[in-house]
1. Could you check how many residues of the range D:72-124 are hydrophobic (A, V, I, L, M, F, W, C), part of a loop (DSSP other than H, G, I, E, B) and either crowded, with 24+ Cβ neighbours inside 10 Å or within 12 Å of another protein chain (Cβ to nearest Cβ) (or both)?
2. Give the residues of the range B:29-43 that are open to solvent by 70 Å² or more (accessible area, probe 1.4 Å) and either among the β-branched types (Val, Ile, Thr) or part of a loop (DSSP other than H, G, I, E, B) (or both), sorted by residue number.
3. Report the residue count in the range A:44-62 for those that are surrounded by fewer than 18 Cβ atoms within 10 Å (Cβ to Cβ) and not in a strand (DSSP E or B).
4. Is it true that B:Val143 is more than 12 Å from every other protein chain (Cβ to nearest Cβ) and surrounded by 17 or more Cβ atoms within 10 Å (Cβ to Cβ)?
5. Name the pairs whose Cβ atoms lie under 6 Å apart, with the first residue in the range A:38-57 and of a type in the set (A, V, I, L, M, F, W, C) and at pLDDT 95 or above, the second in a loop (DSSP other than H, G, I, E, B) and open to solvent by 30 Å² or more (accessible area, probe 1.4 Å), and 6 or more positions between them or separate chains?
6. In the range D:146-168, which residues are at the interface with another protein chain (Cβ under 8 Å from one of its Cβ atoms) and either among the aromatic types (Phe, Trp, Tyr) or touching a residue at least 12 places away in the same chain (Cβ under 8 Å) (or both)?
7. Which ones in the range A:1-37 are among the charged types (D, E, K, R) and without any contact (Cβ under 8 Å) to a residue 12 or more places away in the chain?
8. Taking A:Thr21 as meeting all but one of (1) in contact with a Lys or Arg (Cβ under 7 Å, 6 or more places away or on another chain); (2) part of a loop (DSSP other than H, G, I, E, B), write down the number of the exception.
There are 4 protein chains.
Amino acid sequence: MLKLNVITTGGTIEKVYSEQTSTVANLDNQIDRYLGRLRLPDCDVRVMPLMNKDSLEMTDDDRSSILALVEQMLSEQPAIVITHGTDTMVQTGLYLKQTLPELKVPIVLTGAMTPLGFEGSDGLQNLTESLFAVRILDPGIYVVMHNQVFPVDHVRKERETSRFVWID
Amino acid sequence: MLKLNVITTGGTIEKVYSEQTSTVANLDNQIDRYLGRLRLPDCDVRVMPLMNKDSLEMTDDDRSSILALVEQMLSEQPAIVITHGTDTMVQTGLYLKQTLPELKVPIVLTGAMTPLGFEGSDGLQNLTESLFAVRILDPGIYVVMHNQVFPVDHVRKERETSRFVWID
Amino acid sequence: MLKLNVITTGGTIEKVYSEQTSTVANLDNQIDRYLGRLRLPDCDVRVMPLMNKDSLEMTDDDRSSILALVEQMLSEQPAIVITHGTDTMVQTGLYLKQTLPELKVPIVLTGAMTPLGFEGSDGLQNLTESLFAVRILDPGIYVVMHNQVFPVDHVRKERETSRFVWID
Amino acid sequence: MLKLNVITTGGTIEKVYSEQTSTVANLDNQIDRYLGRLRLPDCDVRVMPLMNKDSLEMTDDDRSSILALVEQMLSEQPAIVITHGTDTMVQTGLYLKQTLPELKVPIVLTGAMTPLGFEGSDGLQNLTESLFAVRILDPGIYVVMHNQVFPVDHVRKERETSRFVWID
């Protein structure tokens, strides 16, 4: 059985519509509820809601918190999925790559362009792919989105097309 | 067969999430597509997209346009549903009531607290109720939302509870 | 506040897909869960799951049970919605009409052509309309489906078109 | 860009509810429409609807047709996903394995326990995983379902639990 930790940090994937402010915002954890829609009979998933922030507002301290949690987890060597805002997902991934020792498991960063539960959301697709990816990928840090896998040092977000693209 | 005209003006019910701006906004007509999800075998529906605005930005000119379109329609005496932002829905309804001559059909204003297609949206419920209401109600101008019917001069929006309430 | 009792009896509207048998069947109550998707701030709803049967298998005893429950409720005069299979919905309605004394509230029978939760289902539309109808209709027994209201002695199911039609 | 062929053959994943017969059946192709819900910017997908059958009714001739289509495709070496009923998915996979020469691409068989578009369906999850799997897996024939990957000669369906399990 796959041992899998999911760290949630907010970002578009977890945004909800607020009737009081008529805006979308990071108000509640959403990932756990959506994982409940997937069939994962061979997966022992633990969801850890660490923060709930637009990734443009993430600070160095926030990234240190993510690193600390990942380091603590690595002793038990579960696969790790981190849900994250797309705007600074690569930045966080590169920070983890520079700081962590050689990995023995894959760490996948994922998120969404449109929030979970909104028509046309890519959130559940990306979650599904990420949970599948950590089962197969070699150790390393990756971004998984839209049927693609990128090593974290070969990817950037392309805002105009709402996707991630390869960089050399 | 019920002859029914639906005038769409924007408001929350038609807002969509924009991946470019990470906000919700009135960008496209949505009502027609959602009406396609309802079974209306005894209903001859014509959808007229008039504008697509947050109702807080509606001007006197916009309300004159709505009035002009309603007046033009009334010669053929169809039932009329107007989809509208909730913030100034009552204001538009009162304006129509003060200006229109004695009605021979019901006119129903409706909208939503959460956009169509977002999880937990009340939009399709309100549309369903409004299309049903114009079949049964006496001539007059009403707000129909959340299983309730209000004559337009006896209703106000209660923002804190995201609902409409009766006023004497 | 509208006092509303919903009696559920099964029928297509409550059918679910069984992975064990690869068929659809009446296995569990569904109505209560779907009512939770509607906003009913001015409605005091009580759901009474009475049976869960394909209406082609309903017996005289079953109809007596429905009648007994309705009679018991009528002392408190709530509006009543009965969810029911479409094949014998009219038969049950006519039986209630012949047996019940003069009504002081509307009783609405409704159901669906495709089960709740299946793509293209008309179940939530019909529920929404029925809950709205009992708020407005005069006392009497009705079938409410697909934006239409029929007095129970002027309606029949038209199987080929999956709808109900008026009969004189 | 990933070159991907999807062969559809029916099975539960493509079953729909028929209002005329009140049963679920293989009536229309569904896969293409559901693939449209996924974001596949780096994927050149071609969908080939070959047949639309409950897999318990598949004949030797049907399996020969699948083989012939796969063989024809292999000259261009796209990845291949085959959607298939779960009851004989393994049988078809083993037949392909015994007959095909050494593969240079992965072939993934997938399906669903509950049809696409029914509440609680695992169909879109399995499609998402399969399209991702063929991007990463080594050449060979696999069953991909519910976050798991099985070489086709190490898997059987476990009907009681509605899942696939490993066999040695």
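The values are calculated or read from the model by the stated rules, or taken from the named source; none is laboratory data. A quick note: this is a predicted structure, and the numbers were derived from the prediction, not measured. For neighbour counting, all protein chains shown are included, and Cβ atoms are generated from backbone atoms with ideal geometry for every residue, glycine included. Areas reflect the complete protein model, heavy atoms only, side chains present, ligands, DNA and RNA absent. Shrake-Rupley method; radii C 1.70, N 1.55, O 1.52, S 1.80 Å.
1. Number of matching residues: 3.
2. Once the filter is applied, which keeps residues that are open to solvent by 70 Å² or more (accessible area, probe 1.4 Å) and either among the β-branched types (Val, Ile, Thr) or part of a loop (DSSP other than H, G, I, E, B) (or both), the range B:29-43 yields B:Asn29, B:Arg37.
3. Matching residues across the range A:44-62 total 5.
4. Yes: the conditions hold for B:Val143.
5. Sorted first by the residue in the range A:38-57, then by its partner, the pairs are A:Leu56/A:Asp87.
6. Hits for the range D:146-168 are D:His146, D:Asn147, D:Gln148, D:Val149, D:Ser162, D:Arg163.
7. Answer for the range A:1-37, where residues must be among the charged types (D, E, K, R) and without any contact (Cβ under 8 Å) to a residue 12 or more places away in the chain: A:Glu19, A:Arg33.
8. (1)
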